[in-house]
Amino acid sequence: MRFFKWTLLFLIVVFVLPASGSMAWWAMQDRPGSWRNADWSASGVLPPASQDTDAAIYVMAARTGGMKGALSVHSWLIVKRPNASDYERYDKVGWGSPVRRNAYPADGRWYSNTPYVVAALKGENAERLIPQVEAAIASYPFSRHGDYGLWPGPNSNSFTAHVLRTVPDLDIALPPTAVGRDYRPGVFAFDHTPDWSDVHVSLGGFAGLAAGLRSGFELHFLGLVAGLDLRNPALKVPGFGRIDLWPSVTAGEKAAPAT
């Protein structure tokens, strides 16, 4: 009984209270009432593709719509070939054929929310990895009509996470607010990067943990993530995302009020 009480207290303090705080903050924001009223236009976060002759790979994210946005972002992938005049954007959505190519502007707002760059690769390294990224997109197992689960997955973040896992040389981790990134099919799943620098354990996407150079240390509960980033020191707080312990030179999500 004592163990149960301490476990319940831990879950409330580490997961429930921060998530509730984020939901209270989000409820006070000015948001569109529906997707019809939302702004999906280009945000100007990315420069015009024609201005840069180098190849590039971007992972982008933006808060999603409705009250889901209090806890989660929507993520997507962008590739640009050398000398290309346009970006190519890949998302997974919850209607129709789920995996979409160029359905929205590359840096388009998502439910009126301005996106940010989670990570970017440019030059020869990006050019080398673009074929692997496209192969990973093609191999995504949940790409048919109806292959979408809002929670715990497979959703938009499960799709992006699949590509990042399949191409470990990208060395990119989705933000902790990308609910669904830790989804694995089945009751129990264990996987690791090829060099064992990151390990993941998942109980159907409802609970689990991750540890390693890329993940730091994370606990997962009902899609929420709490933990510590060791490589770029930051706390990972449910709903609020990354809270840097000191300024970081890498791209990443800041606390929710700053997004």
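Calculated on the Cα set of the chain, radius of gyration then Dmax: 17.9, 64 Å. Helix 124-138 and the longest principal axis of the C-alpha atoms of the chain enclose an angle of approximately 70°.
Couplings for segment 231-237, taken from phi via the Karplus curve 6.51 cos²θ - 1.76 cosθ + 1.60 with θ = phi - 60°, read 6, 10, x, 6, 8, 10, 10 Hz in order; Gly and Pro are left as x. Under 18 Å between alpha carbons, and skipping anything fewer than 8 positions from Lys80 in its own chain: which lysines qualify? Within the straight-line limit of under 18 Å, Lys80 reaches these lysines: Lys122. Roughly how many Å is it from the Cα centre of segment 137-215 to that of segment 26-58, as a whole number? Each part's Cα centre sits 24 Å from the other's.
Taking 1 over the mean of 1/r across every pair of different Cα atoms in segment 1-143, what Kirkwood radius in Å do you get?
Working: mean 1/r = 0.0577 Å⁻¹.
Final number for the Kirkwood radius of segment 1-143 is 17.3 Å.
Dipole check for the chain: with +1 at the C-beta of Lys and Arg, -1 at the C-beta of Asp and Glu, and the Cα centre as origin, the magnitude is about 760 Debye.
The angle between the Cα long axis of helix 2-11 and the longest principal axis of the Cα atoms of the chain comes to about 30 degrees, rounded to the nearest 10.
For each of Glu88, Glu218, Glu124, count neighbouring Cβ atoms within 10 Å of the residue's Cβ, then give the residues from fewest to most.
On the way: Glu88 17, Glu218 20, Glu124 11.
Ascending number of Cβ neighbours within 10 Å: Glu124, Glu88, Glu218.
Bear in mind these aren't lab numbers, they're just calculated from the coordinates by the rules spelled out. Keep in mind it's a predicted model, so treat the numbers as computed, not measured. So basically every Cβ, Gly included, is an ideal-geometry build from the backbone, and we count neighbours across all protein chains shown.
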